[in-house]
Amino acid sequence: LAGCASDPAPSEQMRLTEQAIAQAKAVGVTGDEVPEMKLAETKYNRAKGNMADESFRNARMRSEQAELDARLAEAKVLTQKSEEQLNVLNTRIVRLRKQLGDAQ
């Protein structure tokens, strides 16, 4: 019991995690497409349960894990979008080179 009392409520961490999840959703991350996002949401919900039970150490750990999962999910989606844009640009470059070659 004394160990639990020394752990303060991780309110700031919970806020950071909620923010990371919202940011990931804002760039188009969904739990259906990116498993890390589903993990983030599950861990965050468990952290909220830990907060309600005043199990602050577990809440902090789960919340930190959830934040990292959300950030990883966001990074994966942003990387995928960047790769798609790069492929489109490369296709346009090839097309332009062909047009320039045909014009000469």
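Mind listing whichever residues of region 48-66 are in a loop (DSSP other than H, G, I, E, B) and crowded, with 16+ Cβ neighbours inside 10 Å?
Ser55
Going through region 30-44 one residue at a time, which ones are open to solvent by 80 Å² or more (accessible area, probe 1.4 Å) and of a type in the set (Lys, Arg)?
Matches in region 30-44: Lys38 only.
Condition check ((1) part of a helix (DSSP H, G or I); (2) of a type in the set (A, V, I, L, M); (3) open to solvent by 80 Å² or more (accessible area, probe 1.4 Å)) across all residues:
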| position | (1), (2), (3) |
| --- | --- |
| Ala20 | yes, yes, no |
| Lys25 | yes, no, yes |
| Gly28 | no, no, no |
| Arg46 | yes, no, yes |
| Leu68 | yes, yes, yes |
| Arg71 | yes, no, yes |
| Thr79 | yes, no, no |
| Leu89 | yes, yes, yes |
| Gln99 | yes, no, yes |
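Any residue in region 28-46 that is of a type in the set (D, E, K, R) sitting within a Cβ distance under 8 Å of a residue that is assigned to a loop (DSSP other than H, G, I, E, B) and surrounded by 13 or more Cβ atoms within 10 Å (Cβ to Cβ)? List the pairs, counting only those 6 or more apart or interchain.
Between residues of region 28-46 that are of a type in the set (D, E, K, R) and residues that are assigned to a loop (DSSP other than H, G, I, E, B) and surrounded by 13 or more Cβ atoms within 10 Å (Cβ to Cβ), the close pairs are Lys38/Gly31; Glu41/Gly31.
Counting only residues that are in a helix (DSSP H, G or I) and either touching a strand residue (DSSP E or B) at 6+ places or on another chain (Cβ under 6 Å) or closer than 13 Å to Arg71 by Cα (or both), how many does region 30-43 have?
The total comes to 7.
Tell me, yes or no, whether region 59-78 has at least one residue that is at pLDDT below 95, in contact with a helix residue (DSSP H, G or I) (Cβ under 8 Å, 6 or more places away or on another chain), within 12 Å of Pro10 (Cβ to Cβ) and not polar (S, T, N, Q).
no
For region 1-41, give me each residue that is of a type in the set (Asp, Glu) and at pLDDT 95 or above.
Within region 1-41, Glu12, Glu18, Glu36, Glu41 meet the criteria.
Looking at Glu84 and the list (1) of a type in the set (Asp, Glu); (2) touching a residue at least 12 places away in the same chain (Cβ under 8 Å); (3) part of a helix (DSSP H, G or I), which single condition is not satisfied?
If we test Glu84 against (1) of a type in the set (Asp, Glu); (2) touching a residue at least 12 places away in the same chain (Cβ under 8 Å); (3) part of a helix (DSSP H, G or I), just (2) comes out false.
The values are calculated or read from the model by the stated rules, or taken from the named source; none is laboratory data. Not measured: the values here are computed from a predicted model. Please note: Cβ atoms are built from the backbone with ideal geometry, for glycine as well, and neighbour counts cover all protein chains shown. Note: accessible area is taken over every heavy atom of the protein model, side chains too, but ligands, DNA and RNA are not part of it. Shrake-Rupley method; radii C 1.70, N 1.55, O 1.52, S 1.80 Å.
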